[in-house]
Amino acid sequence: MPPHTGYTSLSTEDSDDIDAASTLAPSIKSTKSSISPKPTLPIYYGEGPFDPPSSDSGSEEEEEELLTKAPGSPSYAELGHPNGKPNQRQRPNGIRYLLTSIISLILLSCLIGIIAAHTYSGSNTYLRNSNKGFKKITMDALWNGTFYAPRVSVEWVAEAGDGVFSVEKGSKILLIDLKSNTTKDLVDRKDIKDEQGNMVLFNNGDWSLSPDGEWLLVKADYQKQWRHSSFGNYYIHSLTTHTTHPITPPTHPPTTSYASWSPSSQAASLVFIQSNDLYYLPSALPNTSPIRITQTGNATRFNGVPDWVYEEEVFSSDFAVWWAPGGDKVVYLEFDETDVPEFTFPIYNPTNDAHTVNPYTSSVTMRYPKPGYPNPIVNVHLVGLPTSPTSTEFTDVELGWQDRKPRNDSVIMEVAWVNENELIVKEVNRNADDGRVVYFDFSSRNGVQEVQGKVTRKLGKDGEEGDEGWIESNQNIHPIPSLNAYLDVLPTKQGFNHIALFSPPDSGEPKWITQGEWEVVGGVKGVDEEKGLVYFESTKQSSVERHLYSASLSTSPQEPTWITKSYVSGTGTESILQDGEVIEQGYFSTDFSPQAGFHVLSYLGPGVPWQKVLSTNDSDWEYILNMNEALANVTREYESPTVVHGSITIDGYDLNTIEFRPPSPKFDDSGRTKYAVLFHVYGGPASQTVDTIWRRGWDDYLVCELGYVVVVVDGRGTGYKGRKLRNPVKGNLGFWEGRDQVEAAR
């Protein structure tokens, strides 16, 4: 905890000053369609008549006449019918009429049954009725912020204690302490000035507090690179003396890509990456000289930061250096993409101003490993840092292990410290169908140039996955120091991702914390070591929903506790009709405080989103961040689609579906009216398009304004229903995805 005091009473009004980021999502409802005879009414689409491209403009009666009259047949007049028409037939007697009706009903019932059996399976079909609003969803409403759903981003400040997060208020950064229900000023931006006396300008969130609570590290002159990476000039600000100094002399453009405090509160030291080389700063005090750890950084050699393909496809982050918990050593990755071919592509409107028109493109050249061409070569290094602020001596050794993949076929998928001296590294081959988990113990290292690890787990067809599918690229290891163990998410023998405990860390046998024909999503959300509980999100209720659960670390697999159950019948949720019964749905995401004492609960749908901070120790305690009442009121004024959730079985695979229909009573569910149908298609590996998130977008405009029907099908290869559904597309991308859409349309 920081030594500073000066907290004042906390008011929930402070949450109005929290910076909000938007998220969009759908709320929708309906009645089942039925099968009826061929339409006889005119078809209207939007404001005027609609003629399907395959339809003739003539009437149905004329079509039937043409069908019954063979080419070259004599006309009615030639056959002697008066007025050119055949004589009317006599009415059938009552018994014949009754028998004909009964047979027709039986045949129609069979037809309905056959069609229903090949479309939505009844156990999974449920309806959400559309809003009763009268306003039309226009393109202007979609783009002018009418349906904007503000979302508060809570930044937990672990260094200030569990349950403390930051907010921006004017030029000040405040800390809100949920335990004590107080708030205090952390820093005033006006006090952070460079050596010339100018304010150091930095974005919200581009700062971090040192573990001792005395220093603030800020990133100024932000310059974006790729999706996650950027450059900046870093400054250290003293919260005691209110003085500021750069960690290295600023450059323009900036060349520092990452900086991170040591996790130890013993000394405010940090590591940073400049020009692709790793540096160590032993102290936050002014005039401290950084120690250069690596010497090889250049345009194609990276130390401690990923190249583009690792940033984008493996880590989804901007760093590749990891502190040991004690702060006396780090592990980093060394990347060499010299042999990766260059790829040049055009960038349109290459200006910083979106409103400035530039008629010419600019070109960007990057190292891009296409299939069959070289990947970057990656090595794992351990650095023993200087033992005192005045020392400059360090060690840098390469880590190795038995049966390591050839460097040109190796992908380092995860690196994680599980305690002070024990490390886990995951390696897979480029095809991601064979891999291993390697354990390192550095407690008895004797200065050798290469430290050998021990393979404790095998991945792939002959390992934990046990099938022909991909080893999924995730970073889910969560250390449990009190148990000398770690948690990981891996597939069970049935192919569903679940949480397992490995104790001790060099164990290869998982102790399952969760099990069942559902999946844990997004890894471990939080761990309360005192209570022995792990928190996670899962698809246990439905693969199109997300709910929060907890499970015990000390018992064998048991029914997890459903934490969000009480919220699916609360404010902002929607009633669903399933097989005649009312049920509730919910799609939640969570963000836990460092010690899992609190969490942000974000309800994302199917109703209008809202956010609260909840306590894991007191079920009656809550701190409201945003209930979106204004959005809820606006939404009620507009039409919304009727949504039919269901599933369709193709080749034995159960595929989730959504059908967006025009609002009732506009939609004719008798089957007499024809509607244009559009398929909204994605289907990327392990993705999901069919869900219960609230959103308003292009599909809603097509359905409500133009009267289209929009269908979404998550075909083979998509996620959250087990490896059986995800695996078929491996080695055959694009085939099953398209086929499933076509089969669903039939």
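All of the numbers you see were taken from the coordinates with simple rules; none came from a lab. No experiment lies behind these values; they were computed from the predicted model shown. Note that each Cβ is placed from the backbone with ideal geometry, even for glycine, and that neighbours are counted across all protein chains shown.
Data overview
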read-out: Mean separation of Cα contacts under 8 Å (6+ apart) over length of segment 593-746, as relative contact order %; value: 19
read-out: Net lengthening on full extension, residue 195/residue 288 (0.36 nm per residue, minus Cα-Cα); value: 31.9 nm
read-out: At most 14 other Cβ within 10 Å, DSSP loop - trypsin sites (Lys or Arg not before Pro), segment 225-315; value: 227
read-out: nm² value of the averaged projected area, convex hull over the Cα atoms of segment 634-745; value: 7.6
read-out: Proximal charge balance of residue 717 [Cβ under 10 Å; K/R count +1, D/E count -1]; value: 0
read-out: Formal net charge of residues neighbouring residue 648 (Cβ-Cβ distance under 14 Å; K, R +1; D, E -1); value: -2
read-out: Other-chain or far-sequence residues with amide H under 5 Å of residue 291's (modelled H); value: 280, 281
read-out: Inter-part distance where segment 287-358 and segment 374-437 are each reduced to a Cα centre, Å; value: 17
read-out: Zone residues, segment 406-443, relative to residue 339, backbone N less than 14 Å from point 7 Å out along Cα-to-Cβ; value: 406-411, 430
read-out: Cβ-based net charge around residue 703, under 12 Å, with every Lys or Arg adding one and every Asp or Glu removing one; value: -1
read-out: Members of 405/426; 426/724; 193/224 lying beyond 20 Å, as alpha-carbon distances in this model show; value: 426/724; 193/224
